[in-house]
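Each remark here refers to the structure printed beneath this line.
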């Protein structure tokens with residue numbers, strides 16, 4: 001029995017998680033009327049309050065209060081306050097998280113931090129298929145002879161990689177950026193702990209989409225993107241998480257004034273800041289952080305289990321619709337069927353993924369492709385509706401059945 | 001013969017540089033009516049176009065175009081475009097400069113880059129009184145045994161510090177953040193070159209205030225703050241400069257996807273980007289860069305020599321007014337008298353600098369203090385007027401003569 005539009009509308013209305021989250025969903029701008037957004041894995045939706053917050057900080061903060069804003073508008077407190085607002089989504093305590101710098105810079109900071117904590121061990125274990133930027137960060141560290149890299153082709157090879165007892169840190173994408181396969185943190189983190197290696201998780205495709213349990217899993221370190229599901233704004237600062245057992249364990253590789261024990265004492269010598277504060281470096285990105293704060297205020301009121309349930313319902317429905325409506329079109333599901341093994345998006349495998357993505361975008365369905373053949377549908381737990389899923393899959397089906405996606409104008413390079 | 005208010009008004013009208021710059025001055029928001037801002041050394045003024053630009057990017061970019069904005073709004077091109085807009089102010093060519101990350105993170109990148117270029121040399125020479133964050137960055141690098149530090153107490157000690165022939169890089173504040181003393185780049189950079197050491201200049205207190213001649217001086221590397229005189233917005237991204245002879249000379253310490261030779265090919269292995277692009281790391285801070293672009297558009301039309309002349313006239317006038325109006329008040333000029341030896345601000349030495357700064361702020365004159373006894377007046381070449389200088393010094397004189405600055409409410413800690 002296929003899902004109908006009425007079924008999807010019913011799911012939107014009946015889903016208890018949706019009811020809990022309805023108030024949060026109303027806090028977001030719906031974007032261009034008629035456009036169906038499935039790009040929360042790239043840039044999450046904008047909170048309605050962001051423009052007003054930004055206007056206020058531009059006029060009252062930048063133009064008028066100027067330097068006094070550092071204190072009067074709490075700009076110096078932003079990295080911790082923003083981190084505290086999203087901590088529950090990833091299973092962390094408020095003081096475990098800081099917002100600032102880019103994901104890649106944070107990946108560098110935490111890899112180097114792990115190498116210091118675990119010295120004299122100097123092996124970084126990486127999946128070959130980890131997000132390329134994370135791999136590049138590690139390769140440059142190895143190029144500088146600060147670590148040795150050990151690649152695994154599949155997570156099943158991890159026990160063998162850990163066996164020599166020389167691993168400092170294992171750097172994993174919690175969710176694969178192509179297939180959306182989610183690793184089993186609860187099973188893997190203890191395995192690394194037993195091997196004396198730290199675990200470093202990139203949560204870019206899970207934070208703000210599905211519930212993550214860093215503390216419960218005893219995960220050591222994590223980074224994540226601020227501008228995808230977390231809705232911090234285009235190019236928003238990223239976050240770092242450090243388990244408290246390691247927060248005081250070493251000096252940071254990059255020691256800036258915001259990571260000093262007493263920033264405004266202007267002491268000549270470096271003293272690491274208390275706990276995780278030591279991983280802060282330069283002046284907070286105040287304007288970017290104000291944009292982020294619009295989302296942070298929403299997240300504070302979101303129950304991560306309700307968010308997770310809603311995301312499960314949405315993505316299960318999306319997969320069912322794909323198979324019912326387009327099952328004979330050459331699309332193949334490349335994401336796992338079990339929600340506990342998936343991250344924020346649903347990925348399809350299709351030989352013409354790039355032009356099909358272009359065609360969908362031209363028809364108001366904003367998806368993305370990744371080489372060679374992945375079509376990605378980012379599902380936001382707060383703003384995507386089951387009804388939108390139904391509408392989008394109708395458009396997908398029509399494009400596939402008519403062959404319109406093969407029009408030469410859609411053959412340009414994907415983005 | 002003392003300067004009068006009429007003289008100052010005359011200087012504003014007669015100053016040829018001012019005439020050239022009048023159009024640029026009009027592009028900035030004047031801030032709170034009646035407030036006299038001398039904090040461009042902390043947060044520069046806001047371009048009037050910034051709020052409209054930001055509203056546009058929030059609605060059309062973030063809320064509506066979302067992921068398509070990376071290409072349609074040229075967000076990926078921002079780091080180079082913003083750098084090109086300010087390059088002439090620091091004597092660089094358009095391709096020599098990139099905007100992104102914080103000043104301290106950039107200081108880390110360039111110190112590490114210099115150590116790679118100059119290997120096996122491993123000594124970093126620093127002034128003891130360099131801006132503390134720059135010192136902290138270097139100390140953490142040394143703590144990780146990636147360099148040895150050699151401190152000099154005064155720039156006159158530089159030849160002796162270079163003499164052993166083991167110096168990789170000399171990291172200098174071009175302008176001292178307290179006294180505003182500017183080093184002689186034209187004399188010092190060749191000295192370092194002859195000694196086989198790279199020069200790394202922090203331009204935070206000169207870029208956008210006085211003309212800098214990086215290329216002409218054969219300066220090797222530079223960083224600078226985006227949110228002070230450059231008016232990029234609170235916590236704006238900073239910039240890096242690399243002389244083209246070094247742009248391809250080594251791998252970066254932090255190798256992110258934006259510094260890869262082909263970012264969106266998602267190649268498994270790192271290949272450094274062409275030239276200076278390799279020093280980019282993570283996703284550009286798109287919203288922060290849009291704010292910065294408001295200032296960048298203004299800077300593109302500013303002649304650095306006119307800017308420099310105007311700044312000289314303003315700061316010379318400010319010093320004359322201090323001495324004429326407040327010469328018997330215990331204030332002492334701690335900045336050099338020769339403009340060629342000064343940076344963006346004028347510093348006074350005063351035992352009660354912190355409470356006096358508080359009192360001035362309470363009376364609408366926004367200045368700052370730095371421990372133990374520095375009172376700093378940041379002068380912006382585009383927006384400060386000679387008339388404002390006269391008004392501010394009258395308020396300073398009245399506070400000193402009445403002793404009102406000693407009121408207990410001004411005794412709180414300075415910021």
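The values are calculated or read from the model by the stated rules, or taken from the named source; none is laboratory data. Owing to the predicted nature of the structure, the values given are computational and were not obtained by experimental measurement. Here the Cβ positions follow ideal geometry from the backbone for every residue, glycine too, while neighbour counts run over all protein chains shown.
Here are the numbers:
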quantity: Among the residues listed as A:276, A:280, the single one being more than 14 Å from chain B (Cβ to nearest Cβ), surrounded by 23 or more Cβ atoms within 10 Å (Cβ to Cβ) and over 30 Å from residue A:397 (Cα atoms); calculated: A:276
quantity: Residue pairs meeting the criteria (Cβ under 6 Å; at least 6 apart or on separate chains; first part of a loop (DSSP other than H, G, I, E, B), in the range A:285-310; second surrounded by fewer than 24 Cβ atoms within 10 Å (Cβ to Cβ)); calculated: A:302/A:24
quantity: From the options B:114, B:119, residue that is over 26 Å from the mean Cα position of the chain (by Cα), at pLDDT 95 or above and under 30 Å from residue A:145 (Cβ atoms); calculated: B:119
quantity: Hits in the range A:248-261 (condition: more than 7 Å from chain B (Cβ to nearest Cβ), in a loop (DSSP other than H, G, I, E, B) and either on the phi > 0 side of the Ramachandran plot or under 28 Å from the mean Cα position of the chain (by Cα) (or both)); calculated: A:248, A:249, A:250
quantity: Pairs, first farther than 22 Å from residue A:297 by Cα and not assigned by TED's automatic domain parsing to the domain that holds residue A:344 in the range A:24-41, second modelled with pLDDT under 95 and part of a loop (DSSP other than H, G, I, E, B), C-beta under 9 Å, six or more apart; calculated: none
quantity: Single match in A:135, A:112, A:122 (criterion: more than 9 Å from every other protein chain (Cβ to nearest Cβ) and either surrounded by fewer than 24 Cβ atoms within 10 Å (Cβ to Cβ) or under 21 Å from residue A:225 (Cα atoms) (or both)); calculated: A:122
quantity: Some residue of the range B:298-318 being buried (at least 20 other Cβ atoms within 10 Å of the Cβ), touching a helix residue (DSSP H, G or I) at 6+ places or on another chain (Cβ under 6 Å) and under 25 Å from residue B:372 (Cβ atoms); calculated: yes
quantity: Conditions (1) more than 14 Å from every other protein chain (Cβ to nearest Cβ); (2) under 22 Å from residue A:64 (Cα atoms); (3) surrounded by 24 or more Cβ atoms within 10 Å (Cβ to Cβ): number failed by residue B:366; calculated: (1)
quantity: Members of the range A:71-82 that are facing another protein chain (nearest Cβ under 7 Å) and either buried (at least 22 other Cβ atoms within 10 Å of the Cβ) or touching a residue at least 12 places away in the same chain (Cβ under 8 Å) (or both); calculated: A:75
quantity: Selected residue [modelled with pLDDT under 95 and either touching a strand residue (DSSP E or B) at 6+ places or on another chain (Cβ under 8 Å) or facing another protein chain (nearest Cβ under 10 Å) (or both)] from B:322, B:292, B:239, B:264; calculated: B:264
quantity: Those residues of the range A:385-408 which are touching a residue at least 24 places away in the same chain (Cβ under 8 Å), over 17 Å from residue A:326 (Cα atoms) and over 30 Å from the mean Cα position of the chain (by Cα), in sequence order; calculated: A:407
quantity: Answer residue from the range B:18-40, given it is farther than 26 Å from residue B:362 by Cβ and either over 21 Å from the mean Cα position of the chain (by Cα) or surrounded by fewer than 16 Cβ atoms within 10 Å (Cβ to Cβ) (or both) and is modelled with the highest pLDDT among those; calculated: B:26
quantity: Residue tally, condition more than 16 Å from residue B:107 (Cβ to Cβ) and outside any loop (DSSP other than H, G, I, E, B), over the range A:262-284; calculated: 8
quantity: Search result, residues across the range B:42-57 that are within 7 Å of chain A (Cβ to nearest Cβ) and either without any contact (Cβ under 8 Å) to a residue 60 or more places away in the chain or on the phi > 0 side of the Ramachandran plot (or both); calculated: B:51, B:55
quantity: The lone exception for residue B:361 - which of (1) under 30 Å from residue A:266 (Cβ atoms); (2) within 11 Å of another protein chain (Cβ to nearest Cβ); (3) out of contact with any strand residue (DSSP E or B) (no Cβ under 9 Å at 6 or more places or on another chain); (4) surrounded by fewer than 24 Cβ atoms within 10 Å (Cβ to Cβ) it fails; calculated: (3)
quantity: Test: residue in the range A:183-194 that is surrounded by fewer than 24 Cβ atoms within 10 Å (Cβ to Cβ), under 23 Å from residue A:299 (Cα atoms), more than 14 Å from chain B (Cβ to nearest Cβ) and at pLDDT 95 or above; calculated: yes
quantity: Test: residue B:101 is facing chain A (nearest Cβ under 10 Å), at pLDDT 95 or above and within 24 Å of residue B:250 (Cα to Cα); calculated: yes
quantity: Any chance residue A:382 is in contact with a helix residue (DSSP H, G or I) (Cβ under 7 Å, 6 or more places away or on another chain), buried (at least 22 other Cβ atoms within 10 Å of the Cβ), part of a helix (DSSP H, G or I) and modelled with pLDDT of 95 or more; calculated: no
